[in-house]
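Only one structure is covered here, and it is reproduced in the block below.
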Amino acid sequence: MTNILRSLCLILLGLLFSCKTEKPFDIIIRNGDIIIGDTSNSFKGDVAINADTIAAIGDLKNKKALKEIDATGLTVAPGFINMLSWANVSLIEDGRSQGDIRQGVTLEVLGEGRSMGPLNEIMKKNMLESQQNIKYDIEWNSLGEYLEFLENKGVSTNIASFVGNGTLREYVMNYENRVPTEDELNKMKELTKEAMEEGAMGLSTSLIYVPSGHASTEEIIELTKIVSQYNGMYISHIRDEEEHLLEAVKELIDISKEADVPGEIYHFKASGTANWGLLDSAIQLVNDARKKGLAITTDMYMYNASSTGLNVLLPSWAKEGGHSKTIELMNDPIKKKKMIKEITFHVPPEKILLVGFRNKTMRNLIGMTLAEVAAERNKDAAETVVDLIKEDDSRIQVVYFSMSEENIKKKLALPYMSICSDAGSYTNEGVFLEQSTHPRAYGSFARLLGHFVREEQVISLEEAIYKLTGLPANNLKLKKRGSLKEGFYADVVVFDANTIKANGTFKEPHQYATGMKHVFVNGTQVIEGEEHTNNFPGRIVRGPGWTGKKE
């Protein structure tokens, strides 16, 4: 009798459990063409999200959800990683990150050669004085505190940053162009250590600018050895992208080897028509280093024009002490004359487009080429360069049409190439419209998917998604990001591969990309039906050296 009762109880318990209603998922994205973030082929299926996590992938037709999205005919992929973002100030003004999030970017990686910390009081004063259209209080001192400031303020994308050697040098040595003393070098090492423990991805340099470029190879190696102890990366805007490109690539490889860290070249290119042929040799240097076991990678944006300051045309001695020193030299008639005489153009003045001025009275020149302004003033181009910088009291943002379209295709095909914008992430309204910009700020990722994948068929869609997701996530050693896998954070994009398109042009750059239908960041929907939801679920993504609570 006892055995019979026991059996009946077990049967009843089984019936009770089988009748229990299965809890629905928060979200199911149904019937999409899923690309998981490696180079494997896409497949039809569904993606389920619970809270901030991918809960299930596959055939979920018998499962329920509180919200369902029909992705029939659309591609579902991990959120994109912008390997070089200048959104550090634009996110303070507008945390929605509209220019990038509308292309599918869910992680902004900041800090090319300069970072938003560590800062001393003199640096904070200089930052306040140099602010242009966007005004903000500086409520932080360290890089980690800046990232926490952004997260607490509210951002739609995730954020990460390298610590810049230019910032470390300015903190310790201001703009002095000399070898650091032992104490100064030790202080920079200490600051590097602190930044790595706060979650920096590694050390960055930007060696065509000051004071970053004042550092010798040996100095950079010493700082990068600290990064190696925390399993971080060295990433660099290398010392020359023109006639000395090969020497600059070799320097990065040497630093990577000596410090025993992975190395990446920011916006890899051969700039200037006369130097386009150097790209093949530069690629060979990287390939040879990789064959020897060095983890050398590259990133790029998807346009044949770069954007930086007009001041890069000045001779190096005119830039050594920073902008204030440059203006001081321009006020000396003899130095100014010498400066003008020594200016060289890596691209002709008719291929230099003026896009950003500090002085509002000079903004009528936006959209003109340097050649046009020089002709209007009846002066030669070199003298016009100096006059404009002096009048605007700024570096002046310009676009240089300096690269080969064929080289872009060649670089894109490299298996170790990630993607970046090298730009801020703007909203096409308000303060952002007071300046022009490079269309890469609104279109680098959409242009990859629309122009180079769909139209030119340079690489497959699966390869492109890998370059936007799994590849940079692996390079940065990110945990639970960069792939559509159960248990990973739900950074997910849904887009129409047949229509996604970059709409910004060099004359009218402030135009959003189209075709990105839905974007989720940490499981929260930020783009719905191509419109921003005004949600701010972005989090700090910290590097492998972080000593805080582990994710």
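The values are calculated or read from the model by the stated rules, or taken from the named source; none is laboratory data. Every value quoted in this text rests on a predicted model; they were computed, and no experiment measured them. Here the Cβ positions follow ideal geometry from the backbone for every residue, glycine too, while neighbour counts run over all protein chains shown. The accessibility values were calculated without ligands, DNA or RNA, using every heavy atom of the protein model including side chains. Shrake-Rupley method; radii C 1.70, N 1.55, O 1.52, S 1.80 Å.
For Ser307, the amide hydrogen comes within under 5 Å of the amide hydrogens of Tyr400, counting only partners 5 or more places away or on other chains and with H modelled in the peptide plane. On the stretch 197-302, 46 percent of the accessible area sits on carbon and sulfur atoms, based on a 1.4 Å probe. Of all DSSP beta bridges confined to the stretch 6-163, the antiparallel ones make up roughly 45%.
With each label modelled as a point 7 angstrom along the Cα→C-beta vector, the Lys480-Lys250 pair spans 4.6 nm. The accessible area of Lys337, taken with all protein chains in place and a 1.4 Å probe, comes to roughly 150 Å². Computed over protein heavy atoms with a 1.4 Å probe, the accessible surface of the chain works out to 41 Å² per residue.
For Ser281 and Asp380 in the same chain, what is the full-extension length gain: residue separation times 0.36 nm, less their Cα-Cα distance, in nm? Once the chain is fully extended between Ser281 and Asp380, it gains 32.1 nm. Sort the stretch 34-147 into rounded, prolate or oblate with this rule: let a ≥ b ≥ c be the square roots of the eigenvalues of the Cα gyration tensor; rounded if a/c is under 1.5, and if a/c is not under 1.5, prolate when a/b is larger than b/c, oblate otherwise. Prolate.
Put the Cα centre of the stretch 395-454 next to the Cα centre of the stretch 26-60 and the gap is 29 Å. In this structure, the residue pairs whose Cα-Cα separation is over 25 Å, taken from Lys125/Lys153; Lys44/Lys64; Lys225/Lys292; Lys250/Lys336; Lys269/Lys480; Lys292/Lys410, are Lys250/Lys336; Lys269/Lys480.
For the chain, the share of DSSP beta bridges that are antiparallel, to the nearest 5, is 55%. Subtracting the Cα-Cα distance of Asn141 and Lys337 from their residue separation scaled by 0.36 nm leaves 66.5 nm. Annotation: lysines with alpha-carbon distance below 20 angstrom to Lys335 (same-chain offsets under eight excluded): Lys319, Lys325, Lys379, Lys390. What FRET efficiency, computed as 1/(1 + (r/R0)^6) with R0 = 30 Å and r the Cβ-Cβ distance, is obtained for Lys390 and Val179, rounded to the nearest 0.05? It comes to 0.45.
Length gained on full extension, Glu129 to Thr361: 81.6 nm, using 0.36 nm per residue less the C-alpha separation. In this Cβ point-charge picture (+1 for Lys and Arg, -1 for Asp and Glu), the chain has a dipole of about 1120 debye about its Cα centre. Couplings for the stretch 235-244, taken from phi via the Karplus curve 6.51 cos²θ - 1.76 cosθ + 1.60 with θ = phi - 60°, read 9, 8, 7, 5, 5, 7, 10, 10, 5, 9 Hz in order; Gly and Pro are left as x. Across the stretch 266-271, computed HN-Hα scalar couplings (Karplus, 6.51 cos²θ - 1.76 cosθ + 1.60, θ = phi - 60°) run 5, 5, 4, 6, 10, 9 Hz from first to last residue, x flagging Gly and Pro. Classification of the chain by its C-alpha gyration tensor yields a prolate form. The axis ratio a/c (a ≥ b ≥ c) is 1.5 or more, and a/b outweighs b/c. For Met233, the amide hydrogen comes within under 5 Å of the amide hydrogens of Gly202, Leu203, counting only partners 5 or more places away or on other chains and with H modelled in the peptide plane. For the chain, the 222 nm mean residue ellipticity estimated from helices alone, with every DSSP H stretch of n ≥ 4 adding -39500 (n - 2.57) and the total spread over all residues, rounds to -9500 deg cm²/dmol. In terms of its C-alpha gyration tensor, the stretch 89-135 has an oblate overall shape, because the principal axis ratio a/c (a ≥ b ≥ c, square roots of the eigenvalues) is not below 1.5 and a/b does not outweigh b/c.
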